[in-house]
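The values are calculated or read from the model by the stated rules, or taken from the named source; none is laboratory data. Computed from a prediction, not measured in an experiment: that's the story for all the values here. Cβ: placed from backbone, ideal geometry, glycine included. Neighbour counts: every protein chain shown. Remember, those area values only see protein heavy atoms, side chains included, never the ligands or the DNA or RNA. Shrake-Rupley method; radii C 1.70, N 1.55, O 1.52, S 1.80 Å.
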Amino acid sequence: DLNDYGIYVGVGIFHTGCEVYGREYAFGYHDEDNETGVFDLEPRAAPAPAVFRETIEIGETKYSVEECARVIGRLKRAFPGPSYDLLKRNCNTFTEALVEALCPEGGKVPGYVNRLAHIGRFANDYAPCFVPASIRGAITTVPGKLTNGEVGDGEDAGDEDAGDEDAGEDVQLLAPVDPRME
């Protein structure tokens, strides 16, 4: 596959998850409002079409099972399924966030894991003519408001709660679109 060659130049298309206390946690898209996109499964059992490739030892967490569950719970609220974006907020960015939260003293996901998405994001932002239509066409912007990990309709943006520490910030949620539905 292409990853066999891309790895030599530091790029590829990878699905990642993070194994914690015998479960693997990952992030993916779905269109159910107010539902997390974070899921757990047996380690090394990547959902199709992903195929398990390798385990990369990042480090060990100093947190207990209960503390890890709280961290994962916070990330579940912060990563609703509709917020998934192939280039900006994908399984790899979730894995990076989880590793950073559980291994704050230096655990890092290798840069090549999400490098192609970073390049694609840059190209899409600054030179969209270089991003294949098949990728640009698979992403649509959905107005929304991310509040405490929940997706809303964005209509309450700018109300009196805007200064409240629990108030969400206005975002543009990017969600894959099934071309068969257009």
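Taking all protein chains as they are arranged and a probe of 1.4 Å, the heavy atoms of Lys62 leave approximately 130 Å² accessible to solvent. Label-to-label distance for His30 and Cys129 is 4.1 nm, based on points extended 7 Å past Cα in the beta-carbon direction. You can think of it this way: the chain between Val65 and His118 has 15.8 nm of extra reach, that is 0.36 nm per residue less the Cα-Cα gap. In region 49-138, taking the dipole from charged Cβ atoms about the Cα centre, the farthest positive-side position among Ala97, Cys68, Gly81 is held by Gly81.
The largest accessible area among Tyr29, Tyr21, Tyr63, Tyr126 belongs to the first residue in Tyr126, Tyr21, Tyr29, Tyr63, and the rest follow in falling order (1.4 Å probe, all chains). Here Asn3 and Thr55 are evaluated by their C-beta separation; at R0 = 22 Å the FRET efficiency comes out at 0.90.
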